[in-house]
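Just below is one structure, and these are the notes that go with it.
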Amino acid sequence: MQNIKRMVEQNKNNFIFYNISRLREMLRYMSPAQLALFIEIPFLIHINDPEFPAHIPSFKGHPGLWHYENSGMAKELQKNRPEIKKHLCLPSQNPLVQALYHIGSLGTFTQSAKSDFDFWVIIDPSQTDRHQLSAFQEKLQRITTYGKKKFSQEISFFIHTAEKLQKNILDMTDEVMAKPPPFLIKEEFYRTFLMITGKIPLWAILPPGLTDEEKKVFRKYTESCEEYLDLGCPPEPLPHRVIQQGLLWQICKASEDPSKALIKASITASYQGSGQKAALPLLCNEIRQNFNHPHMDDYTKDPYVKAFDRVLTFHGKRGDSASLAEAKVAIFFRLSGFPAVALPEDGSPKRKILNHYVKKWQLTAPRLQKLLNYTLWHEEEKKLLDQAMIRTIVRLYLHSLENEGEKSHDNGDGLILANKARCVMQQDQKNRLPRSSLFLKSLSFPCLGIKMPENPDALWCLCAGTKLLFSDTCLLRVLGWAMANGIYKPGKNTLNMPGGFKIFGSLEKEENCTTIFLALQPWMPISDEVFLKEPVWERIIVALYGSPEKYKAGLLLRNSWGEIFFEALPLAPLDTEEDRCYHLAMKVLEYHGEDSHYFLFHISPEAMPQTIGRIRTLIEDSRSMKKHKAKTPLQRNVRLDII
């Protein structure tokens, strides 16, 4: 390559100008409090002094941030706090932190007052040991606490080293857990990152279209330039197993936000070719081309606009009108503050982009109003949209398997991802408690109440004031649904039983709904390691409800994967109290194993200690107890074996 020095300098200047333009956008839309905190964070990382927040006595000296004293952030901080000048050059040599980057929505049109501060902290491992690193991690945690308490701002720090990033190792721990493939994390980092201070990632100045040999020459030249940091580059095209695992990850995330997951899954799927269709280039490399032609206030070159356009292009080329329509809805909702959908502020970048898409898609006034009225949709309609988006992501995953043959879940992380995806996909499994819409989960209900049916064939109703949230013929299923979907949250709201009804445990002591909630804890697995094997039953709740003379019964069950099931227990055909108690005891034993615990409750105007005592005695004394005292794996839906 000719004139490599001039090329490096030109590409560096292009990147710096692009980065400044995005930093300017970030600062423009921050509140004064957010801005003050954001400017202070690099300084708090740089120094370790009892005069300032986040001081750690066990950390020896100051961490140091490479060339922080010359950064724009340091100069900006000095304007209001000239007393910090004496701290800026400490330490002057061998700083621990080589670079500080921000990843995410800041500096893009998706930035909002609720945007988190997510930082990548690149450290030099030669400048620390195990004890110093632990103290530095504690320092970052104190900055997180400081931001939360003083500014109500969420802050996250992710510590990396350049050497590990080159090898696509993004974790500082060996914990087995579900996570997206490192290649995809790195790709998303490169297309959204802001350089706050420190060294420039080598990727940012690499010219496009270099051969492997030319990249080696380029890297060798920049090794002599102290200001660059080689974090490695995601391969192009991405390996098929990376794409498949990335799609599984988005299936796992879809239950939290289907529209966001669909957008990310579509981008991931676009990296895989199909038949005669070539894979689309990595989005980060496409966005890097903007570095050569940066334009202030040109929102069409925003990283998220590029991502949205990629999603539309991908689904358009697939020729699937239904998935394209869902992608448009997902993009509309991302621009409109989903789940509290509303038009962005007039004149804002987000509003300009939304207007651009509304015009491009030729949305009719009724269709536009329908989308804007999302909060008024019926609950079933919201759930149908959530489910449709999840099914589209699943189809993308299955299509990736068809293109490339066998699935690849040979390692722990892959198996965990596959099994967690099953949990999301198996919503129609027999007796599984149904999910509410994401919108309903996002709402706050200070006081909930259950209304008793007027006759035996009517429904028990969960209400928030006059608003009906859920109804069913079985009281325990209503309770379970409220708990499993996070509608009832002990400590944050209350759930009142119908007049005259009380909750009793095994003894005659009166309890409340919190007792049942705690009996099913933990609602989600504490560790992802449980997904390395088939699930087993862990919690069994038996509840009798009604009068002592005429009561009904049901089971709530939680397995080790955090899935919640309900089973109604018909007692009408049984003539005697002894038969009913025996039937209930045998049903518990059907699920009970060495990993499980069972709890007995009765919900009625008065306690039924004799009935509860008889059931417990039958469970404990039955010979079947020993026969069932083994791990009891669940039968999974065979159609999901393809995962």
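The values are calculated or read from the model by the stated rules, or taken from the named source; none is laboratory data. Computed from a predicted model, the values in this text were never measured in an experiment. Because the Cβ atoms are built from the backbone with ideal geometry, glycine has one as well, and the counts that use them run over all protein chains shown. What goes into the accessible areas is simple: the full protein's heavy atoms, side chains included, and nothing from ligands, DNA or RNA. Shrake-Rupley method; radii C 1.70, N 1.55, O 1.52, S 1.80 Å.
Figures for the structure shown
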item: Residue among Gly147, Gly107 that alone is open to solvent by less than 10 Å² (accessible area, probe 1.4 Å), assigned by the TED database to the domain that holds Ile16 and modelled with pLDDT under 95; result: Gly107
item: Count of the stretch 286-305 residues which are at pLDDT 85 or above and open to solvent by less than 50 Å² (accessible area, probe 1.4 Å); result: 6
item: Index of the failed condition, Leu44 passing every other in (1) of a type outside the set (S, T, N, Q); (2) surrounded by fewer than 12 Cβ atoms within 10 Å (Cβ to Cβ); (3) within 14 Å of Thr197 (Cβ to Cβ); result: (2)
item: Test result for Leu368, aliphatic (A, V, I, L, M), without any contact (Cβ under 8 Å) to a residue 24 or more places away in the chain, assigned by the TED database to the domain that holds Tyr299 and part of a helix (DSSP H, G or I); result: yes
item: Qualifying residue in the stretch 8-24 (condition: modelled with pLDDT under 90, assigned by the TED database to the domain that holds Phe189, open to solvent by 30 Å² or more (accessible area, probe 1.4 Å) and not in a helix (DSSP H, G or I)); result: no
item: Residue in the stretch 246-269 that is closer than 21 Å to Val394 by Cβ, in contact with a His (Cβ under 6 Å, 6 or more places away or on another chain) and crowded, with 23+ Cβ neighbours inside 10 Å present; result: no
item: Candidate set from the stretch 399-434 (those that are at pLDDT below 90 and in contact with a strand residue (DSSP E or B) (Cβ under 7 Å, 6 or more places away or on another chain)); member that is most open to solvent (accessible area, probe 1.4 Å); result: Asn403
item: Where His55 falls short, out of the listed (1) modelled with pLDDT under 95; (2) more than 19 Å from Asn80 (Cβ to Cβ); (3) in a loop (DSSP other than H, G, I, E, B); result: (1)
item: Of all residues making up the stretch 340-352, the number that are open to solvent by 30 Å² or more (accessible area, probe 1.4 Å) and in a loop (DSSP other than H, G, I, E, B); result: 6
item: Per-region count, the stretch 353-365, residues in a helix (DSSP H, G or I) and either in contact with a Gly (Cβ under 6 Å, 6 or more places away or on another chain) or of a type outside the set (Phe, Trp, Tyr) (or both); result: 8
item: One residue from Ala322, Ala279 being hydrophobic (A, V, I, L, M, F, W, C), part of a helix (DSSP H, G or I), open to solvent by 10 Å² or more (accessible area, probe 1.4 Å) and at pLDDT below 95; result: Ala322
item: Yes/no for Lys75 being modelled with pLDDT of 90 or more, assigned to a helix (DSSP H, G or I) and open to solvent by less than 50 Å² (accessible area, probe 1.4 Å); result: no
item: Test result for Tyr228, within 23 Å of Pro42 (Cβ to Cβ), in contact with a Ser or Thr (Cβ under 7 Å, 6 or more places away or on another chain) and either of a type outside the set (S, T, N, Q) or open to solvent by 30 Å² or more (accessible area, probe 1.4 Å) (or both); result: yes
